[in-house]
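K.L.:
Here it is, the structure in full.
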Amino acid sequence: MGSFRAATDDWAPVERALSSTVQRTGAVAAGLYLLSPDEPVLNLVTLCGVPTKTVAPWWRVSVSAAGPLSEAVREGRLVWVGRQEDMARLYPNAAAGLPYQFALASAPLAGVRRWGALALVWTQDHPPSLTRRERGHIMTSANQITQILDRAPAAWSIPTEPRTVPLQRPGPDSAQIGLAADDLLQRLPVGALGFDLQGRITYLNDAAARLLGRGTDSLLGTLPWQAVPWLDTPVHEEHYRAAVFGREPIAYTASDPSDRRFDIRLYPGTSGITALISPSLGERRADAPQPHITAAPDTPPAAAGTGRIHQLIHLAAALSQTVTVADVIDTVADQILPAFGAQGMVVSAADASRLKIIGHRGYDPRTIARLNGLPLDTDITPAGHVLRSGVPAFYADRAEMTRTHPQAPSVSDKQAWAFLPLLVSDRRVGCCILSYDHPRAFSAGDRAVLVSLAGLIAQAMDRALLYDTKHDLAHGLQQALLPVALSTIPRLDVTARYLPAARGVDVGGDFYDLIRLGDTAAAAVIGDVQGHNIKAAALMGQVRTAVHATAGAAPGGVLARTNGVLMDLETDLFVSCLYLHIDLTEGSLHLASAGHPPPLLHSAGPPPRTVVLEAEPGPLLGIQSCTEADYPVTTVPLPPGFLLTLYTDGLVETPGTDITESVTALCHHLDRNAGLSLDHLADSLLHHSAPQRTRTDDTALLLLRSR
C-alpha cells in the first residue's frame, strides 16, 4: 500500500475519535476509509463494532463504484440509506453484495485534501430518516476526524488489513456479579458461548465444550470455525455475518461429522454475539437437505466464503451494465482490481492469431507496446498458451514464473500473476491478466472465484466487442455522409457540432450542411431522419444529395423536390428538415420548414435579443406525395451582426420537460453568451442543453454569424 508523505502509525487519536463517534451517534459499527495516494480507491483502515473478516470483501472500494461510500466522496456530501429497500433502489450493485437489513450513513472527510469517508452502520430498528441532531453528530464526528488527519506531522500509511478499535461501553464491573453469572451459565443444560466483535470465543460453559467436542482451553480465544472443523462451512459464516450486520437473532440447524443435529441460535449485541447450542429436538426427515460437512479437520474449504460470493454477485451486476469495451475495461480496473488487491491488469483480445491489448492499468506504456501484438504461440508470457488451452494459470512469485517462461519476469516489475482465459462456449475471446506488486499465494478459494469471474468478464467482453464493431460501422457511415468541412462564405462565420446519442443507442440520421450560392448568398440546411440505425444514416445521405441538387431555388421548392425523391425511394422513414436561403446583400432570410424545430435569431441590439423564427411548417418529408405537399416560405429581415442557431430536437427535448420551456431557456442562454466565439458558444449550448441527463437522441447544431 502507499502513503501520503512519511508514514505514521499513530492511530490512537483516530481510534479514540472513531469509538467516540459510535457512542455519540448510537451506531453499532463504524469504519474509516482513506483514499490511496496513487489510485482512486478507498481503503478501510480502521474498524469499530464488527469483525474485520466479516467485511473483508469491502476493504477496498473504487471511488467510481456505484455505492453510498463512493458517492459521498465524489460529491462531498452526507449520503444516507435507511433501508435495504432503499439500497436496492438507489444502488442495486451494492445491494447485491450486501443483502442485509441495516441502515448506513457515509460522510466525506475533506480538509486540506480529500482524505476519504466515514461509514456508520445502524440496525434496521433505526427510523428510515436521520434527525437533524443525528446529522449534526455525524458531520461533527467527520470534521473531528478530518482535523486529526490534517494535523498529523507525517503521512497516514495504509495498512494491508484494517485496524480494529475496541468498543468501550460503560457498565458494572463487580467480581461478585461475574461469579454469579458464571455459576448461572454453568447450570444451563444448553451450550452457551460468548463471542467478541472479532468472532473470537470469550466465554463458554461446560455444556458448550461437551457438545462441540473440544476442551475449554482449546476453544477460548479462537474462532469457532477454526477450532471446530465441522463448523468450517459457508453456512456458519453466512449466518454469523447476517447476525453482525442485521443485529437480529438468527436460528438454524447444523450437523456434526457423526450426523448429530444441533439447533444453533445467535443473539447479537453491542459488544459481541451470544450463541446457544443444543441437540436438535425435531426428528430428522430422510429427505431433509443436509448442511455441507468438511471431509477432515486439516482439509481447507474448497469453495469461497459467502463474502466472496456476495462480491461476485456485486461484480456480475456491474459487468451486466457495461456496453462498450471501454466500459468493461473500466469496470474491471475500478472494481475488480481493488476487490482482489491487484495492482495491474492487461486485457487482450484474440485478433488474427495475435494478442491485441484492448485495455490495461498499472503498466508502463513501453511495456504495453512490447506486449501488444504478440503471436498466440508466444513463449514470452503464458497469455497465448492460456488462451489456446483455456486453462487458467497462477504464478505466486517471479521464481515460479521463471521456471516456465524465463523471459516473462523481465517484461515488468510485477511479482505475482493470475492469467485468466476469457471463453464463451468454445470461442476464445481473449485473456485477462491480474498482476501484483508483491508475491501472492492463490488459495483454492481464490482460484475458484477468479475463474468464475473470468467467465463473467468473457460474457461482457464478447457483447462489448460485438457492440463496438457494429457501432463503429454505423458511425463511420454516418460521419462519411456528413460534410467534411463547411463551405466558406465571405462575411459569414459558421461552426457546427454533431453529438451522438448516449451509449446503447445505434447511430442516427441527424444532418446539417452549408451550401455556397455566391459571394453574398448561402443555403443552410438541417434535418433529422427518423430512427437510429444504418438505414437512417443511409437515407440521411440521400436527403443531403437531393437538397444539394436543387439548392438555390425557392426554399419551398427545394423541400418539395426533396420530398419527391423520398417518395420515389419508397422508404418507410420520415424526415424533418429546415431550409434557409440567406441573402447578405439584401439582409434577408427566406426559410421553409418540413416539421422541424424553428431556428433562433439573435440580434446584437441594443438591447441584445433572441427570438424564435416561427414559420408555418409543411409536412414531414416522405409522408405525402409531391403533389399534395406544400411548404410555405417565410421571409425575415436580418439585422447587422445577426446570429442564427439551427438545431435538431435532441438539443431541446427532455422526457418530462415542456419543449417550449426548453427553447425559451435556450434563448436566454444565447442572450447571455452570444459574445463568445462560435466554437465556445457551440460547446456552451451543448452543455447547457443536458448537463445532468442521459442523452437519448442525436443532436446536430449549426451556428451562423455575420461579420
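K.L.:
How many residues are over 20 Å from Gly390 (Cβ atoms) and surrounded by fewer than 18 Cβ atoms within 10 Å (Cβ to Cβ) if we restrict to region 353-366?
P.N.:
Number satisfying all stated conditions: 3.
K.L.:
Applying the selection to region 81-98, what residues are more than 19 Å from the chain's Cα centre (by Cα) and in contact (Cβ under 8 Å) with a residue 12 or more places away in the chain?
P.N.:
Matches in region 81-98: Gly82, Arg83, Gln84.
K.L.:
Could you tell me which numbered condition Ala369 fails, if it satisfies all but one of (1) open to solvent by 20 Å² or more (accessible area, probe 1.4 Å); (2) in contact with a Leu (Cβ under 9 Å, 6 or more places away or on another chain)?
P.N.:
So the condition that Ala369 fails would be (2).
K.L.:
Any chance you could count how many residues in region 524-563 are touching a residue at least 60 places away in the same chain (Cβ under 8 Å), within 19 Å of Ser593 (Cβ to Cβ), crowded, with 17+ Cβ neighbours inside 10 Å and small (Gly, Ala, Ser)?
P.N.:
4
K.L.:
Out of the strands (runs of 3 or more DSSP E) lying entirely within region 595-676, which hold 1 or more residues that are closer than 18 Å to Ala554 by Cα?
P.N.:
Output list reads 634-637.
K.L.:
Ok, one more. Among the residues of region 570-594, which ones are in contact (Cβ under 8 Å) with a residue 40 or more places away in the chain, of a type outside the set (Val, Ile, Thr) and either assigned to a helix (DSSP H, G or I) or within 20 Å of Lys535 (Cα to Cα) (or both)?
P.N.:
The answer is Leu573, Phe574, Ser576, Cys577.
K.L.:
Are any of the residues in region 490-510 at pLDDT 75 or above, closer than 26 Å to Pro392 by Cβ and of a type outside the set (Ser, Thr, Tyr)?
P.N.:
no
K.L.:
Please count how many residues of region 408-417 are open to solvent by 40 Å² or more (accessible area, probe 1.4 Å) and in contact with a His (Cβ under 9 Å, 6 or more places away or on another chain).
P.N.:
1
K.L.:
Looking only at region 74-98, count how many residues are buried (at least 18 other Cβ atoms within 10 Å of the Cβ) and either within 18 Å of Leu315 (Cβ to Cβ) or polar (S, T, N, Q) (or both).
P.N.:
Total satisfying the criteria: 9.
K.L.:
Of these, Arg516, Arg561, which one is at pLDDT 85 or above, within 23 Å of Thr495 (Cα to Cα) and among the basic types (Lys, Arg)?
P.N.:
Every option except Arg516 fails the conditions.
K.L.:
Of the residues that sit in region 605-619 and are of a type in the set (Gly, Ala, Ser) and in contact with a strand residue (DSSP E or B) (Cβ under 8 Å, 6 or more places away or on another chain), which one is nearest to Ser706 (Cα to Cα)?
P.N.:
Taking the candidates together, the pick is Ala615.
K.L.:
Considering region 9-24 alone, what residues qualify as being open to solvent by 50 Å² or more (accessible area, probe 1.4 Å), in contact (Cβ under 8 Å) with a residue 24 or more places away in the chain and either on the phi > 0 side of the Ramachandran plot or assigned to a helix (DSSP H, G or I) (or both)?
P.N.:
Hits for region 9-24 are Gln23, Arg24.
K.L.:
For the subset of region 292-337 comprising residues that are modelled with pLDDT of 70 or more and hydroxyl-bearing (Ser, Thr, Tyr), which member is nearest to His471 (Cα to Cα)?
P.N.:
Thr324
K.L.:
Let me ask something additional. Those residues that are in contact with a Ser or Thr (Cβ under 6 Å, 6 or more places away or on another chain) and more than 19 Å from Gly445 (Cβ to Cβ), I need them from region 222-251; list them, please. Lay out the reasoning, then the answer.
P.N.:
First, pick out the residues of region 222-251 that are in contact with a Ser or Thr (Cβ under 6 Å, 6 or more places away or on another chain): 229, 232, 234, 237-238, 241, 244, 247.
Listed by number, the residues that qualify are Val244, Arg247.
K.L.:
Could you please find all residues in region 103-112 being in contact with a Phe, Trp or Tyr (Cβ under 8 Å, 6 or more places away or on another chain) and either over 14 Å from Thr25 (Cβ atoms) or open to solvent by 10 Å² or more (accessible area, probe 1.4 Å) (or both)?
P.N.:
If the condition is that a residue be in contact with a Phe, Trp or Tyr (Cβ under 8 Å, 6 or more places away or on another chain) and either over 14 Å from Thr25 (Cβ atoms) or open to solvent by 10 Å² or more (accessible area, probe 1.4 Å) (or both), then Leu104, Leu109 are the ones that fit.
K.L.:
What are the pairs with Cβ atoms under 6 angstrom where one residue, in region 455-468, is under 20 Å from Ile313 (Cβ atoms) and at pLDDT 90 or above and the other, located anywhere, is open to solvent by 40 Å² or more (accessible area, probe 1.4 Å) and not in a helix (DSSP H, G or I)? Sequence gap at least six, or different chains.
P.N.:
Close Cβ pairs (under 6 Å, with a partner that is open to solvent by 40 Å² or more (accessible area, probe 1.4 Å) and not in a helix (DSSP H, G or I)) amount to Ala458/Leu423.
K.L.:
Could you tell me which residue of region 387-407 is surrounded by the most Cβ atoms within 10 Å (Cβ to Cβ), considering only residues that are aliphatic (A, V, I, L, M) and at pLDDT below 90? Please lay out each step first, then the result.
P.N.:
Of all residues in region 387-407, those aliphatic (A, V, I, L, M) come to 387, 391, 393, 396, 399, 401.
Still in the running and at pLDDT below 90: 387, 391.
On the way: Leu387: 23, Val391: 12.
So the residue we want is Leu387.
K.L.:
Just the residues that are in contact with a Phe, Trp or Tyr (Cβ under 6 Å, 6 or more places away or on another chain) and farther than 19 Å from Ala142 by Cβ, please, taken from region 38-87.
P.N.:
Across region 38-87, the qualifying residue is only Ala66.
The values are calculated or read from the model by the stated rules, or taken from the named source; none is laboratory data. Everything numeric in this text was worked out from a predicted model, so none of it was measured. Positions of Cβ are generated from backbone atoms using ideal geometry, with glycine treated the same way; all protein chains shown enter the neighbour counts. Accessible surface is based on the protein model in full, side chains and every heavy atom, while ligands, DNA and RNA are left aside. Shrake-Rupley method; radii C 1.70, N 1.55, O 1.52, S 1.80 Å.
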